[in-house]
Amino acid sequence: MCIREELFKLSENDLRKKIIIPLLKALNACCVEDFHGPNEKGKDVYFSYTNIFGRYKHCCFFIKKGNIKKSGKNDIRKMRGAIDELIGYEFTSPIDNKSPIRIEEFYFVCSGKINQEARDWLTEFLVRQRSFSNFIIFDVDSLIQLIIDLIKKFNHLMIKEYEFYVENFKDYVEEIINYNQREHVANSAYYYSEGKIIKS
């Protein structure tokens, strides 16, 4: 089965737990947390990263199953309330568990396609009504490309021939995390002294 078919058949819960959260961890996102539940305020998955100044950027994934349109069951306009909560409400930072923060980057993710009308509505709603411009739309094609790029990169580095399957993707990510930790330890055994690399 191809990646597209596997992703499309997943529930939102499985897409979040089996794909999105492992993928973020493999990409070295900081403080990845499953926020899904009655108090999520639109935030299905929280994560952060540091910018060039070492400042944490607070981000979240808003996840939906299937194709998103401006009509029918998956009408983008039906998601307005959840999106409004997501970018409008303060919450406690998962990094230090005390600072009040707001979402600074918002990723709309779906396991299908999002048509142009839905994209235009979301853009207008966020930018014109909420003055919120830091958002990215990940439809199934974008999600597939992220997965393929990750596999290509680490299959090469780990000299491995992994083929994507939903049920073992988390295990593959664990191998990536372990590989990155080993590389970090190996690299930290060296330090600079007077312009030379010295082994500690």
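Every number here is computed from the coordinates shown, using simple stated rules; none is lab data. Bear in mind that the values here come from a model prediction, so they are computed numbers and not experimental data. Heads up, the Cβs are rebuilt from the backbone with ideal geometry, glycines too, and the neighbour counts pull from every protein chain shown.
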Inset, instruction - For residues that are touching a residue at least 60 places away in the same chain (Cβ under 8 Å) and part of a loop (DSSP other than H, G, I, E, B), tally how many sit in segment 4-43. - result: 4
Legend entry - Test: residue in segment 46-53 that is touching an Asp or Glu at 6+ places or on another chain (Cβ under 8 Å), surrounded by 20 or more Cβ atoms within 10 Å (Cβ to Cβ) and at negative phi: yes
Legend entry - Pairs, first under 14 Å from residue 28 (Cβ atoms) in segment 156-183, second among the aromatic types (Phe, Trp, Tyr) and assigned to a helix (DSSP H, G or I), C-beta under 6 Å, six or more apart: 176/154
Legend entry - Residue check, residue 96 among the acidic types (Asp, Glu) and within 24 Å of residue 58 (Cα to Cα): yes
Legend entry - Single condition residue 21 does not satisfy, out of (1) closer than 27 Å to residue 181 by Cα; (2) crowded, with 19+ Cβ neighbours inside 10 Å; (3) of a type outside the set (Asp, Glu); (4) over 14 Å from the mean Cα position of the chain (by Cα): (4)
Inset, instruction - Return yes when residue 68 is closer than 30 Å to residue 174 by Cβ, out of contact with any Leu (no Cβ under 6 Å at 6 or more places or on another chain), in contact (Cβ under 8 Å) with a residue 24 or more places away in the chain and surrounded by 16 or more Cβ atoms within 10 Å (Cβ to Cβ) and no when it is not. - result: no
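Working carefully through the options 130, 102, 119, find the one that is over 29 Å from residue 14 (Cβ atoms) and not aromatic (Phe, Trp, Tyr).
On the way: 102 fails: over 29 Å from residue 14 (Cβ atoms); 119 fails: over 29 Å from residue 14 (Cβ atoms).
The match here is 130.
Okay, residues lined up against (1) surrounded by fewer than 20 Cβ atoms within 10 Å (Cβ to Cβ); (2) over 17 Å from the mean Cα position of the chain (by Cα); (3) under 18 Å from residue 41 (Cα atoms):
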residue	(1), (2), (3)
85	yes, yes, yes
96	yes, yes, no
101	yes, yes, yes
104	yes, no, yes
115	yes, yes, no
118	no, yes, no
124	yes, yes, no
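Using the structure shown, decide if residue 56 is among the aromatic types (Phe, Trp, Tyr) and free of Cβ contacts under 8 Å to residues at least 40 places away in the same chain. Talk me through it step by step, then tell me what you get.
Working: among the aromatic types (Phe, Trp, Tyr): yes; free of Cβ contacts under 8 Å to residues at least 40 places away in the same chain: yes.
Yes; evaluated as a whole, the condition is true for this residue.
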